[in-house]
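> So that we are looking at the same thing, I have put the structure below in structure tokens.
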Amino acid sequence: MNHPVSASRRDFLKTSTATVGAAAAAEIAFPSLARSASAGDKIRIGFIGCGGRGSGAAAQALKADSNVELWAMGDAFPEPIERSLSSVKAAVKDDKKFNVSPERKFVGVDAYEKVIKSGVDLVILTSPPGFRPGHLRAAVEAGKHVFTEKPMATDGPGVRSVIESVKIAKQKNLAMVAGFCWRYDYAKRAVFGKILDGSIGDVRAVYGTYLTGPVKPMPKAETRPAGMSDLEWMTRNWYNFTWLSGDGLVEQAIHTVDWMMWAMQDKPPVKCTATGGRQIPANGGNIFDHISVAYEWEKGVRGFIAQRQITGCYGENSFYALGTKGNAYISRGAFTTDLNGERNWKYEGPTPDMYQVEHDELFASIRAGKPINNGDRMVTSTMAGIMGRMAGYTGLEITWDMALNSKELLAPQDLRDWNGKVEVPPLAMPGRTKFS
């Protein structure tokens with residue numbers, strides 16, 4: 001059953017000028033403080049993609065505002081919905097914020113359309129990235145505020161679609177908060193503030209690492225149930241297919257790419273080269289398990305990303321910025337150093353959970369009638385990751401313009417049901433795989 005949003009509710013949620021005031025500001029800084037007054041109507045949340053990260057995002061959204069409710073849920077498969085609902089309820093512990101009736105639990109490839117049409121005001125998009133451009137477009141065309149996980153696309157055409165969706169969101173004054181969660185981490189904001197205010201001088205080079213284990217190894221082909229379609233098999237094992245995940249660089253190490261872009265003031269690199277490949281058998285998947293990318297900006301500024309997802313190897317997730325006056329380093333802490341290596345600054349302020357801050361600031365911006373839109377920077381970081389993958393897969397030097405205007409369409413266009421045709425290219429071979 002559909003429950004259309006009334007004109008008055010819709011107008012309020014898009015254009016309200018009620019200010020959140022000091023109480024909301026205090027809540028953003030210290031999320032444990034309850035909002036003392038929440039202006040306006042109830043905000044109904046639709047949740048699309050009921051995996052672990054999505055469940056976390058839904059719980060954080062429900063904690064971010066006192067006058068919200070989970071209204072609809074959608075997933076490609078039935079199993080995750082009840083599991084996710086139980087998990088979110090356990091995290092939120094407030095039954096008044098749950099109003100997901102059985103007829104608003106949608107299953108299938110088209111579940112996102114049904115959630116969007118169910119009467120929600122804001123959607124959480126946490127399905128596999130290959131679906132994201134279509135989900136984003138449907139959400140903003142329907143006038144919904146959005147929280148979207150990263151990355152926002154897996155190929156050039158997808159990025160161009162997202163660019164148009166960002167424009168639509170701006171025109172409609174819709175919030176669009178991206179799951180580049182470190183941008184909402186207080187310590188990281190402080191250290192990148194130091195980088196950007198000139199504390200280490202002009203940035204000459206940055207180096208980021210994402211060296212970890214595999215997220216979801218591909219099961220062997222013989223474990224595939226009889227009669228399961230190619231599309232369902234791939235979606236259930238989405239991380240292992242480039243059209244669905246974008247590769248480990250684009251899906252996971254994109255956080256490190258985003259750090260690099262942050263330090264570079266979100267200005268696109270001019271070009272890049274990369275090396276990478278597959279060390280461990282892919283079992284039918286087609287993503288690399290390691291890749292290193294060298295980016296170049298104007299005036300010779302360089303950025304380097306090292307990504308590996310192989311069990312039993314050295315692990316590191318760090319970021320280094322080298323400037324003309326000093327350096328910045330991010331690992332568990334965040335601080336700058338002078339050129340002699342002496343530490344001269346370290347962040348010592350509050351450290352609220354960055355995932356919660358994302359949603360606290362998202363909902364506060366909607367209440368204030370000044371919706372946050374992360375669209376431009378989220379597109380740039382996503383494209384930078386895809387650009388690096390393109391260089392690694394082809395072995396070519398890839399320019400920003402080449403990547404952004406690429407005609408390589410990875411995601412299948414016929415996604416109406418599980419029998420849609422899916423053509424997956426073989427594992428890339430640098431020097432042989434063509435750029436398109």
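Read the figures in this text as sums done on the coordinates, not as results from a lab. Everything numeric here is computed off the predicted structure, so don't read it as measured data. All Cβ positions, even for glycine, are placed from backbone atoms using ideal geometry, and neighbour counts span all protein chains on display.
> Just round it to a whole percent: the fraction of Cα-Cα distances in segment 62-171 exceeding 19 Å. Mind dumping the intermediate values first?
Values: 2791 of 5995 pairs.
Cα-Cα pairs in segment 62-171 separated by more than 19 Å: 47 percent.
> Moving on. Apply 1/(1 + (r/R0)^6) to the Cβ-Cβ distance of residue 423 and residue 91, taking R0 = 51 Å, and write down the FRET efficiency to the nearest 0.05.
That pair, residue 423 with residue 91, gives E of 0.80.
> Need one number for the chain: average projected area of the convex hull over its C-alpha atoms, nm². Present the calculation step by step, with values, prior to reporting the outcome.
Numbers: hull surface 84.9 nm².
One quarter of the hull surface, i.e. the mean projection, equals 21.2 nm².
> Sticking with this structure for a sec: Using Cα centres only, tell me the gap between segment 186-200 and segment 352-416 in whole Å.
What the calculation gives is 22 Å, centre to centre.
> Taking 0.36 nm per intervening residue step and subtracting the Cα-Cα distance, what contour gain separates residue 407 from residue 346 on full extension? Don't skip to the answer; put the middle values down first.
On the way: separation 61, 0.36 × 61 = 21.96 nm, distance 4.52 nm.
Going from the current span to full extension adds 17.4 nm.
> Still on this model: Using the alpha carbon gyration tensor of segment 325-436, what are the three equivalent-ellipsoid semi-axes (square root of 5 times each eigenvalue), largest first, in whole Å?
Working: eigenvalues 284, 141, 37 Å².
Values for segment 325-436, descending: 38, 27, 14 Å.
> Ordered by packing density, taken as the mean number of other Cβ atoms within 10 Å over each peptide's residues, highest first, how do 117-129, 408-420 rank? Could you put the intermediate results ahead of the total?
Numbers: 117-129: 24.5, 408-420: 14.8.
The densest-packed peptide leads the list: 117-129, 408-420.
> Return the equivalent ellipsoid semi-axes of segment 334-391 as a descending list in whole Å, where each equals the square root of 5 times an eigenvalue of the C-alpha gyration tensor. Working shown, then result.
Details: eigenvalues 170, 120, 19 Å².
Output for segment 334-391: semi-axes of 29, 25, 10 Å.
> If you bin every alpha carbon distance in segment 228-272 into 10 Å steps from zero, what whole percent lands in each bin?
26, 36, 23, 13, 2
> Another question about this same structure. With just the Cα atoms defining each centre, how far is segment 236-305 from segment 118-179? Give it in Å.
Rounded to whole Å, the Cα centres lie 22 Å apart.
> Report the percentage of all Cα-Cα pairs in segment 142-285 whose separation exceeds 22 Å, rounded to a whole percent.
Values: 5631 of 10296 pairs.
Percent of Cα pairs beyond 22 Å in segment 142-285: 55.
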